[in-house]
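The values are calculated or read from the model by the stated rules, or taken from the named source; none is laboratory data. Here the structure is a predicted model, which is why all the values come from computation and not from measurement. Here Cβ is always computed from backbone atoms with ideal geometry, including for glycine, and neighbour counts include all displayed protein chains.
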């Protein structure tokens, strides 16, 4: 359900990070407007810089919302590391430029909606797996 809602949000005009945050906002007592504001700059791999994919940034935000009150910061870091590794394993990268075959500052053509929708869905699937405990592995971070 999260993935479906996030893709709808994206197709309707939200950036990738906003689309995902909107799909999870109410579950974590975050109003829609605030979630949109927090995620506004993360589209296009952070402000069209084509660095870390906005959907990947949303994974970090959603898992932070979920686990902030239940684990210490180093366990949270390990959860995030594992989630990012899972995204990279399934998508081949966490870098927007590589995922979308684009360059710094480039606005993507309309057909990018299909490509980015795939990564938005993947990010939601990974969030749901970690939230549900299906892929949870906090473990020792070595710090």
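For this structure, a couple of remarks:
- Search result, residues across segment 123-143 that are in a loop (DSSP other than H, G, I, E, B), out of contact with any helix residue (DSSP H, G or I) (no Cβ under 7 Å at 6 or more places or on another chain) and either at pLDDT 95 or above or closer than 24 Å to residue 17 by Cα (or both): 133, 134
- Just one of the numbered conditions (1) touching a helix residue (DSSP H, G or I) at 6+ places or on another chain (Cβ under 8 Å); (2) farther than 15 Å from residue 16 by Cβ; (3) modelled with pLDDT under 95 is not true of residue 50: (2).
- Any hit, segment 8-28, residues being surrounded by fewer than 14 Cβ atoms within 10 Å (Cβ to Cβ), over 26 Å from residue 133 (Cβ atoms) and touching a helix residue (DSSP H, G or I) at 6+ places or on another chain (Cβ under 6 Å): no
- For segment 69-88, the criterion of a residue being part of a loop (DSSP other than H, G, I, E, B), surrounded by 11 or more Cβ atoms within 10 Å (Cβ to Cβ) and in contact (Cβ under 8 Å) with a residue 40 or more places away in the chain is satisfied by at least one position.
- Looking only at segment 89-101, and only at residues there that are surrounded by 18 or more Cβ atoms within 10 Å (Cβ to Cβ) and not in a loop (DSSP other than H, G, I, E, B), the one that is modelled with the highest pLDDT: 91
- Residues of segment 42-68 that are in contact (Cβ under 8 Å) with a residue 40 or more places away in the chain, closer than 18 Å to residue 25 by Cα and within 11 Å of the chain's Cα centre (by Cα): 54, 55, 56, 57, 58, 59, 61, 62, 63.
- Residue within segment 102-113 that is at pLDDT below 95, buried (at least 19 other Cβ atoms within 10 Å of the Cβ) and under 26 Å from residue 8 (Cβ atoms) present: yes
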